[in-house]
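See structure below.
The numbers here are math on the coordinates, done by the rules we state, and not lab data. Remember, predicted model here, so these are calculated numbers, not experimental data. Using ideal geometry, Cβ is built from the backbone for each residue, glycine included, and neighbour counts are taken over all protein chains shown.
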Amino acid sequence: MRSKFRAIRTEVDGRSFASKLEARRYKQLVQLHKGGMIRWFTCQVPFQLAPGIKYVCDFLVVWSDGRITIEDVKGVETPAFKIKKKLFEPLYGTLTVLTAKEIGK
């Protein structure tokens, strides 16, 4: 079933992703892990932004050099997402937004 932004839910390795783009990023992360570029990663990590306001990132990545990135894969940045990003960054640091351009085909 398509979402209002035409995203197609996609399954990879028994995991369900909200879009083909998010599934593609997951596959990239798996390859980066196999290649030793990242130590580990996890999906759908919740963050408390304020009482009653939660944000769930697509990926939390721990790179081999010790850096940690919080990633969100977006085809469209909605007004609600923009607000949550503004709330997120002062509390937790940079939220990396990846689009089809960054992820590639």
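Numbers for the structure displayed
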read-out: In Hz, Karplus ³J(HN,Hα) per residue of the stretch 24-40 (6.51, -1.76, 1.60; θ = phi - 60°; x = Gly, Pro); value: 5, 5, 4, 4, 4, 5, 4, 5, 4, 5, 4, x, x, 6, 10, 6, 6
read-out: Overall Cα dimensions of the chain - principal axes, largest extent first, Å; value: 38, 37, 25
read-out: Rg/Rh (Cα only; Kirkwood hydrodynamic radius) as it applies to the stretch 56-105; value: 0.98
read-out: Among 80-87, 10-17, the order from most to least packed when residues are scored by Cβ within 10 Å on average; value: 80-87, 10-17
read-out: ³J(HN,Hα) computed for each position of the stretch 62-73 - Karplus, 6.51 cos²θ - 1.76 cosθ + 1.60, integer Hz, glycine/proline x; value: 10, 7, 4, 7, x, 5, 10, 10, 10, 10, 10, 8
read-out: Alpha carbon convex hull of the stretch 20-78, volume per residue in cubic angstrom; value: 88 Å³
read-out: Sum of -39500 (n - 2.57) over DSSP H runs of 4+, divided by residues of the chain (222 nm, nearest 500); value: -9500 deg cm²/dmol
